[in-house]
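S.K.: Take a look at the following structure, please.
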Amino acid sequence: MRRLYQPAPNRCNGFLSVSVYGEDMTKAPKLPLVTAKNLRLSELLSAFSYALDITEGQPEGHCVRCCWIGMHVGEELGMSPQELWELYYVLLLKDLGCSSNAARICQLYLTNDLDFKRDFKEIDTGLSDVMRFVISHTGLKADLAERFRAVVNIFKNGGEIARELIETRCQRGADIARQLHFSEPIAVGIRDLDEHWDGRGQPMKLARTAISPYARIALLSQCVDVFFMSRGHDAAKDEVLKRAGTWFEPEAVDAFLEICDRDGFWDGLAAPDIATRVQALEPPHAEVELDEDYLDDIAIAFGQVVDSKSPYTAGHSSRVALYTDMMAEVLGLEAHQRRWLKRAALLHDVGKLGVSNTILDKPGKLDGDEWTQMQAHALHTETILSRIGAFSELARIAGAHHERLDGKGYPHGLNAEEISFETRIISVADFFDALTADRPYRAAMPVWKALEIIGESVGNAIDPVCFEALKTAIDRIETNSTTGTVYMDTEDRPLQRTA
């Protein structure tokens with residue numbers, strides 16, 4: 001089959017430098033030729049932990065600060081270097097599964113999941129505290145009858161609801177940890193995060209030493225940071241003492257009380273360079289070397305964290321990555337270029353973890369404030385990925401996927417010459433999947449209709465070369481229903497999406 005686009009002979013750092021319609025692409029950001037050897041696992045996952053913070057409604061750096069607290073506690077308890085290394089990643093990744101219950105929280109409590117999660121971390125699980133929390137956080141913007149039904153349901157089935165929400169989050173987090181190649185003790189540490197020393201936690205009501213030792217420290221560290229950030233170090237210390245022997249292992253509490261009075265502990269926790277300080281705490285002898293396959297798995301895993309947030313985003317990141325790679329193949333990008341571009345596509349929506357499901361899952365039109373919050377996800381993506389030094393260009397490429405050639409896009413309102421060719425590819429892939437997947441306000445469109453709509457934006461929002469590459473990529477798909485692929489697409493015989 002004839003290619004609609006032959007790779008331009010003029011190259012810049014190995015990437016496309018001139019588009020076929022005449023723009024000099026050397027002026028736009030370029031995806032760097034970075035290898036996994038340029039990266040450290042601690043730097044990479046420390047940066048991604050900021051994405052977990054925003055989906056929990058926590059101030060940025062929450063997981064990193066928990067790591068600072070917990071590592072000092074672990075050292076005081078005399079943990080071995082191997083145990084400290086495992087503890088380190090439990091603390092950084094304790095919230096890996098946090099996005100998976102967001103939609104359910106909104107459905108059950110008729111509320112903003114980010115605010116709900118943030119505030120819930122400050123209450124004890126005593127009946128009076130829980131009742132006040134439910135009344136003050138359920139259905140505040142719903143009509144009276146709807147709110148009444150929701151509150152009654154929660155009071156009637158509260159125990160099972162809590163177990164379901166926490167089990168979903170913790171089990172999903174453990175599964176993703178395994179996907180990230182971490183050991184079973186790390187996965188179990190993440191799974192047991194919400195178990196309490198007295199056996200009244202969730203979801204399995206484990207008690208005492210049946211709970212992972214890493215989870216015991218992680219829960220204490222989480223409580224310390226939440227109260228430190230909202231009320232100061234004295235309040236954090238008081239809350240730990242209040243929950244000693246119920247939520248927290250007494251020995252871990254004693255270790256915390258010992259280290260929290262040492263010079264530099266609280267100052268370090270509040271330091272602007274806390275992320276750098278925490279990276280230095282990783283036991284050096286156990287450092288894991290990244291390779292390209294592992295880096296792919298990390299990108300896939302965090303794409304799944306994003307896609308778990310809403311039923312309407314399920315599979316979105318992986319499909320955008322697939323369409324991006326199909327287009328990149330048509331455009332003649334080399335294998336290593338396609339690999340990095342696919343990672344950018346997998347991570348392009350990581351900033352959506354900071355958008356409430358009341359917005360992501362809204363069946364109607366967004367109001368002005370909601371639209372502003374939705375648009376912020378692109379900047380969140382750029383900010384999170386920029387925390388990884390070697391990802392600086394990838395961050396700009398992924399974060400700009402809603403920019404338009406006419407300068408009317410977001411978050412920066414870039415002009416055409418400022419938008420990289422790599423971003424243009426991802427933008428088309430993202431647009432295509434948005435149209436051909438179900439959304440809360442409409443059903444999925446047939447592919448022929450989606451292509452018609454995208455075609456109307458060519459030259460204003462969408463790059464014409466990339467659009468032609470998408471159409472060519474679709475034309476190359478074999479028509480074999482038994483292989484899980486799709487049929488050729490026409491208005492009379494529309495393409496059928498499959499899993």
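S.K.: In region 70-109, what residues are under 18 Å from the mean Cα position of the chain (by Cα) and under 21 Å from S42 (Cβ atoms)?
M.R.: Y89, V90, L91, L92, L93, K94, D95, L96, G97, C98
S.K.: Can you give me the number of residues within region 118-165 that are under 16 Å from E195 (Cβ atoms), in contact (Cβ under 8 Å) with a residue 60 or more places away in the chain and assigned to a helix (DSSP H, G or I)?
M.R.: 2
S.K.: Could you tell me which numbered condition K365 fails, if it satisfies all but one of (1) part of a loop (DSSP other than H, G, I, E, B); (2) under 24 Å from L295 (Cβ atoms)?
M.R.: Of everything listed in (1) part of a loop (DSSP other than H, G, I, E, B); (2) under 24 Å from L295 (Cβ atoms), K365 misses just condition (2).
S.K.: While we're looking at this one, here's another question. Give G159, G189, G232 a once-over and let me know the one that is of a type in the set (G, A, S), in the same structural domain as E60 (by TED's automatic domain parsing) and within 19 Å of D53 (Cβ to Cβ).
M.R.: The unique qualifying residue is G189.
S.K.: Would you please name the residue that is farthest from N38 (Cα to Cα), looking only at residues in region 243-261 that are out of contact with any Asp or Glu (no Cβ under 8 Å at 6 or more places or on another chain), at pLDDT 95 or above and surrounded by fewer than 18 Cβ atoms within 10 Å (Cβ to Cβ)?
M.R.: Among them, the one singled out is P250.
S.K.: Quick check on I359: is it part of a helix (DSSP H, G or I), hydrophobic (A, V, I, L, M, F, W, C) and touching a residue at least 24 places away in the same chain (Cβ under 8 Å)?
M.R.: So I359 does not fit the description; no.
S.K.: Return the residue satisfying two criteria in turn: it lies in region 54-69 and is under 14 Å from the mean Cα position of the chain (by Cα) and in a helix (DSSP H, G or I), and of such residues it is surrounded by the most Cβ atoms within 10 Å (Cβ to Cβ).
M.R.: C63
Table: residues versus (1) touching a helix residue (DSSP H, G or I) at 6+ places or on another chain (Cβ under 6 Å); (2) closer than 16 Å to R216 by Cα.
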| residue | (1), (2) |
| --- | --- |
| T55 | yes, no |
| E60 | yes, no |
| I69 | yes, yes |
| V73 | yes, yes |
| M79 | no, yes |
| E83 | no, yes |
| Y89 | yes, yes |
| L92 | yes, yes |
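S.K.: Still on this structure, I have one more. For region 172-186, enumerate the residues that are in contact (Cβ under 8 Å) with a residue 24 or more places away in the chain, part of a helix (DSSP H, G or I) and either under 18 Å from S49 (Cα atoms) or not assigned by TED's automatic domain parsing to the domain that holds P81 (or both).
M.R.: Passing the criteria: R172, G173, A174, D175, I176, A177, Q179, I186.
S.K.: Looking for something at pLDDT below 95 and loosely packed, with under 14 Cβ neighbours inside 10 Å - is there at least one such residue anywhere in region 13-21?
M.R.: Yes, region 13-21 contains at least one residue that is at pLDDT below 95 and loosely packed, with under 14 Cβ neighbours inside 10 Å.
S.K.: Still on this structure: Among F432, F391, which is at pLDDT below 95, within 27 Å of A102 (Cβ to Cβ) and touching a helix residue (DSSP H, G or I) at 6+ places or on another chain (Cβ under 7 Å)?
M.R.: The unique qualifying residue is F391.
S.K.: Continuing with this model, one more query. Could you list, in sequence order, the residues of region 335-357 that are farther than 19 Å from Y323 by Cβ and modelled with pLDDT under 95?
M.R.: Hit for region 335-357 is H336, nothing else.
S.K.: If a residue has to be out of contact with any Ser or Thr (no Cβ under 6 Å at 6 or more places or on another chain) and more than 23 Å from R439 (Cβ to Cβ) to count, how many in region 279-325 make the cut? Talk me through it step by step, then tell me what you get.
M.R.: First, the residues of region 279-325 that are out of contact with any Ser or Thr (no Cβ under 6 Å at 6 or more places or on another chain): 280-281, 283-302, 304, 310-325.
Filter again for more than 23 Å from R439 (Cβ to Cβ), leaving 280-281, 283-301, 325.
Of the residues in region 279-325, 22 are out of contact with any Ser or Thr (no Cβ under 6 Å at 6 or more places or on another chain) and more than 23 Å from R439 (Cβ to Cβ).
S.K.: Would you tally the residues in region 423-482 being exposed (fewer than 15 other Cβ atoms within 10 Å of the Cβ), among the hydroxyl-bearing types (S, T, Y) and more than 28 Å from the chain's Cα centre (by Cα)?
M.R.: 3
S.K.: Taking the stated definitions as given, is A36 under 18 Å from the mean Cα position of the chain (by Cα) and either surrounded by fewer than 21 Cβ atoms within 10 Å (Cβ to Cβ) or more than 17 Å from Q279 (Cα to Cα) (or both)?
M.R.: Against the criterion (under 18 Å from the mean Cα position of the chain (by Cα) and either surrounded by fewer than 21 Cβ atoms within 10 Å (Cβ to Cβ) or more than 17 Å from Q279 (Cα to Cα) (or both)), A36 does not qualify.
S.K.: Moving to a separate point now. Identify the single condition in (1) surrounded by fewer than 18 Cβ atoms within 10 Å (Cβ to Cβ); (2) outside any helix (DSSP H, G or I) that Q202 does not satisfy, given that it satisfies every other one.
M.R.: Every listed condition holds for Q202 apart from (1).
S.K.: Restricting the first residue to region 422-434 and requiring it to be without any contact (Cβ under 8 Å) to a residue 60 or more places away in the chain, which pairs with a second residue that is outside any helix (DSSP H, G or I) and among the hydroxyl-bearing types (S, T, Y) meet a Cβ separation below 9 Å and a spacing of at least six or different chains?
M.R.: Qualifying pairs under 9 Å: R424/S19; F431/S457.
S.K.: In this structure, does V278 turn out to be outside the structural domain of Q107 (by TED's automatic domain parsing) and either surrounded by 15 or more Cβ atoms within 10 Å (Cβ to Cβ) or among the acidic types (D, E) (or both)?
M.R.: Taking the combined requirement at face value, the residue does not satisfy it.
S.K.: Could you please let me know if E195 is over 30 Å from D296 (Cβ atoms), outside the structural domain of S308 (by TED's automatic domain parsing) and of a type outside the set (G, A, S)?
M.R.: When the stated conditions are applied, E195 passes them.
S.K.: I190 - would you say it is within 22 Å of L165 (Cβ to Cβ) and out of contact with any Phe, Trp or Tyr (no Cβ under 7 Å at 6 or more places or on another chain)?
M.R.: For I190, the condition - within 22 Å of L165 (Cβ to Cβ) and out of contact with any Phe, Trp or Tyr (no Cβ under 7 Å at 6 or more places or on another chain) - is met.
S.K.: I419 versus (1) modelled with pLDDT of 95 or more; (2) surrounded by 16 or more Cβ atoms within 10 Å (Cβ to Cβ); (3) out of contact with any Asp or Glu (no Cβ under 6 Å at 6 or more places or on another chain); (4) of a type in the set (A, V, I, L, M, F, W, C): which is the lone unmet condition?
M.R.: The one condition I419 does not meet is (3).
S.K.: Additional query: Search region 202-222 for residues being of a type in the set (A, V, I, L, M, F, W, C) and free of Cβ contacts under 8 Å to residues at least 40 places away in the same chain, and hand back the single one that is farthest from I259 (Cα to Cα).
M.R.: M204
S.K.: Output the qualifying pairs, or none if there are none: Cβ atoms under 6 angstrom, residues six or more apart or on different chains, first residue in region 37-66 and outside the structural domain of A301 (by TED's automatic domain parsing), second residue among the aromatic types (F, W, Y).
M.R.: Qualifying pairs under 6 Å: F48/F302; E60/Y50.
The values are calculated or read from the model by the stated rules, or taken from the named source; none is laboratory data. Everything numeric in this text was worked out from a predicted model, so none of it was measured. Note: ideal-geometry Cβ built from the backbone for every residue, glycine included; neighbour counts use all protein chains shown.
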